[in-house]
Structure formats: C-alpha cells, structure tokens
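These notes concern the structure reproduced below.
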Amino acid sequence: MTPKKLFLKRKDVPIQSLLDLKAANAEIVDAEVYRSNFRGTDPNTRSTKLKLIEPKDYHDINHHLLNMINVWDGSLDPNDYFVKEYNYLIYNKGDHFKKHRDVLSDPNEKSPRVFSTSTIISYSEDFSGGDFIIWSGDGYRDPVELEPGETIFFDSETYHQISPVKEGTREVLVAWIYKK
C-alpha cells in the first residue's frame, strides 16, 4: 500500500496574479478564529491581519489551485471541486497561527472543506521565523520551506501551524477547496 502524501509543494500559481492580489485595494481586518462554539478574534491562537479578497475575482489563481487536485490524486477530477474562500494573510513580527486543522463543522455548509492551500506572495528582506509546519498523522512535525510563488497543497484534515514571525513581514494567500 502506498503511504498517503502529507502535502504537495508546487510553483504553479502565476506570480503576477499574486502581485495583483498584493496591490489590490481591499479592507484589512483582524483575522478571526472559528471553533464550534466561537467565532471571533483570538490573538492567543491567531494573530494576523486579513485582506478581504474574493476568489471570484481571480479565476487564473483558482484554475491553478484546482489543477493541483489531479496532481495530488490522479483519480480526482478538478471539475468536481471549487475554490470558495480566500484569506490573504499578513504576518508581522510576533504574528503566528497555532496548530490547527482547516475543517469546519458548520451545519449550514452543504459540503466541507476538502483541500487547503497556502501560497507565499512575499517576504520582506528582513523576514525570519514564521515557519509553515505540517504535522503527520503520527505526530511528526515537518517544517516546510516555501519561496514566493510556491504553494503547499494538503488535506484540510491535516494539522499545521505558522510559528511566530521573528522579524519582517510574510504575506500569503490561503485558499480552501470544497467538493461541489
């Protein structure tokens, strides 16, 4: 039996599209945390800023993210999925996101999040810390280095975190893929 992949790392998303996201004039708010009994800001769990960007405005990025589904598992048809949500996240010094999964237990959702992606848009020249860490099912901690333009693609059930940023700024596009 072939072991299940923990993640896929690719450099498929066109960098100009990511820079267009960065330049987009959008409202910036504190990013929220979602739990079964709580929705709101919680700086102990997640301390990032969120630029309000809609996936419907970025068809080319969605296309590239959806095509990763077939690379992940050749038996899956990307046409059976859609990108529903974006989080354009800005991590500054001290910002982090504790170990979590991206699944939602929302009874109003007709389909759950299936896949999660995180694409690095940019790092400031003085950036350090802010490591993307993914956890295997047996508890193994795997830091993943990502360059601007690189995407990590993984099952939304997978635990992951962002360690605290020590210096500088990290900007990233997180997108969630749902089954139709």
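Bear in mind that the values in this text are calculations on the coordinates, not laboratory data. From a predicted model like this one, the values you see are computed outputs, not experimental measurements. Here Cβ is always computed from backbone atoms with ideal geometry, including for glycine, and neighbour counts include all displayed protein chains.
For the stretch 112-137, filtered to residues that are of a type outside the set (Phe, Trp, Tyr) and not in a strand (DSSP E or B), the residue that is farthest from residue 167 (Cα to Cα) is 112.
Of all the residues in the stretch 31-59, those that are in contact with a strand residue (DSSP E or B) (Cβ under 6 Å, 6 or more places away or on another chain) and part of a loop (DSSP other than H, G, I, E, B) number 6.
So, in the stretch 28-43, of the ones that are loosely packed, with under 12 Cβ neighbours inside 10 Å and either touching a helix residue (DSSP H, G or I) at 6+ places or on another chain (Cβ under 8 Å) or in contact (Cβ under 8 Å) with a residue 12 or more places away in the chain (or both), which residue ends up farthest from residue 96 (Cα to Cα)?
At the first step, the residues of the stretch 28-43 found to be loosely packed, with under 12 Cβ neighbours inside 10 Å are 28-29, 36-40.
Imposing the further condition that a residue be either touching a helix residue (DSSP H, G or I) at 6+ places or on another chain (Cβ under 8 Å) or in contact (Cβ under 8 Å) with a residue 12 or more places away in the chain (or both) reduces the set to 28-29, 36.
Details: 28: 17, 29: 16, 36: 21 Å.
Ranking the qualifying residues of the stretch 28-43, first place goes to 36.
When the stretch 14-30 is limited to residues that are assigned to a helix (DSSP H, G or I) and not hydroxyl-bearing (Ser, Thr, Tyr), the one that is farthest from residue 94 (Cα to Cα) turns out to be 16. With respect to the stated conditions, residue 70 fails to be of a type outside the set (D, E, K, R) and either part of a loop (DSSP other than H, G, I, E, B) or touching a residue at least 24 places away in the same chain (Cβ under 8 Å) (or both).
Note on the stretch 18-30: residues that are touching a strand residue (DSSP E or B) at 6+ places or on another chain (Cβ under 6 Å) and not aliphatic (A, V, I, L, M) total 1.
Does residue 51 count as touching a helix residue (DSSP H, G or I) at 6+ places or on another chain (Cβ under 9 Å), free of Cβ contacts under 8 Å to residues at least 40 places away in the same chain and surrounded by 14 or more Cβ atoms within 10 Å (Cβ to Cβ)? Yes; evaluated as a whole, the condition is true for this residue. Report, by residue number, each residue of the stretch 144-180 that is of a type in the set (A, V, I, L, M, F, W, C), closer than 20 Å to residue 16 by Cβ and assigned to a strand (DSSP E or B). Result: 172, 173, 174, 175. Counting just the residues of the stretch 55-80 that are in contact with a helix residue (DSSP H, G or I) (Cβ under 6 Å, 6 or more places away or on another chain) and of a type outside the set (S, T, N, Q), which one comes out surrounded by the most Cβ atoms within 10 Å (Cβ to Cβ)? My answer is 61.
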